[in-house]
Amino acid sequence: MTTILTHSELNLTISRLAQQLIENHYPFTETCLIGLQPRGIFVSDQILNYIYLSYPELSVKYGKLDITFYRDDHRVGIRAPSETNLPFSVEGKKIILIDDVLYTGRTIRAAMDALVDYGRPAKVELLILIDRKFDRQLPIQPDYVGKSIDSVVTQKVKVLWEGESNVVLY
């Protein structure tokens, strides 16, 4: 097991990603943040907290999107769906999809399929904490990247939020 981001590096990465969003989308009047269930919401919650700490007067539209029934990878076993909570219209908005790890691109494809069932956004951008840049199966690239890593198919990336949060490769 190799540590990719320590606790302090993870916090610094989250703050940098939030700052990039602030630079590009302040005051967030036409921009909505959407965390992808289940693991992307941990990243999106952290990003949103940082934005509110920096600019408490802002009102950022924030939602959570479950893509379980849009997946095409037919994972082994039954996966219980999570909650989708989009308390705003995505029609004509700039959407920032947020997830923890980008690998094959299939999760993001499923997220875009799910998103259009809620309306037609003006623009969709992608924020990823960890980009596993090899073995992409679809032509999907992030707009905001916490850290890019080289890894092989047999390795897994795990973002640990319990206790001393960090990111490991095993």
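The values are calculated or read from the model by the stated rules, or taken from the named source; none is laboratory data. It should be emphasised that the depicted structure is a prediction, and the values quoted were computed from it without experimental measurement. Every residue, glycine among them, receives a Cβ derived from its backbone with ideal geometry; neighbour counts consider all protein chains shown. With ligands, DNA and RNA removed, areas are computed over all heavy atoms of the protein, side chains included. Shrake-Rupley method; radii C 1.70, N 1.55, O 1.52, S 1.80 Å.
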*Are any residues in region 83-142 open to solvent by 20 Å² or more (accessible area, probe 1.4 Å), farther than 16 Å from residue 71 by Cβ, part of a strand (DSSP E or B) and among the aliphatic types (A, V, I, L, M), and if so, which ones?*
124
*May I ask you to list pairs of residues, at least six apart or on different chains, whose Cβ atoms are under 6 Å apart, with the first in region 151-170 being touching a residue at least 60 places away in the same chain (Cβ under 8 Å) and the second being assigned to a loop (DSSP other than H, G, I, E, B)?*
166/6; 168/1; 169/155; 170/1; 170/156
*asked:* Going by what's in this entry, would residue 77 be described as assigned to a loop (DSSP other than H, G, I, E, B), at pLDDT 95 or above and loosely packed, with under 12 Cβ neighbours inside 10 Å?
replied: no
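So, of the residues in region 27-40 that are free of Cβ contacts under 8 Å to residues at least 40 places away in the same chain and touching a Leu at 6+ places or on another chain (Cβ under 9 Å), which turns out to be farthest from residue 65 (Cα to Cα)? Before you say what the answer is, go through the steps one by one.
From region 27-40, those free of Cβ contacts under 8 Å to residues at least 40 places away in the same chain are 27-29; that's our starting set.
Add one more test, that the residue is touching a Leu at 6+ places or on another chain (Cβ under 9 Å), and what stays is 27-28.
Working: 27: 23, 28: 19 Å.
Across region 27-40, the extreme among qualifying residues is 27.
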*So which of 66, 45 is without any contact (Cβ under 8 Å) to a residue 12 or more places away in the chain and open to solvent by less than 60 Å² (accessible area, probe 1.4 Å)?*
45
_Residue satisfying all of: in region 5-29; of a type in the set (Gly, Ala, Ser) and more than 16 Å from residue 125 (Cβ to Cβ); nearest to the chain's Cα centre (by Cα) among these_ = 15
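Say we look at region 10-26 and pick out the residues that are of a type outside the set (S, T, N, Q) and in contact (Cβ under 8 Å) with a residue 60 or more places away in the chain; which of these is surrounded by the fewest Cβ atoms within 10 Å (Cβ to Cβ)? Working first, answer last.
So the first thing to find is which residues in region 10-26 are of a type outside the set (S, T, N, Q), and the list is 10, 12, 14, 16-18, 21-23, 25-26.
Narrowing further to those that are in contact (Cβ under 8 Å) with a residue 60 or more places away in the chain: 10, 14, 16-17, 21, 25.
Values: 10: 24, 14: 20, 16: 12, 17: 21, 21: 23, 25: 18.
Among those residues, the one meeting the criterion is 16.
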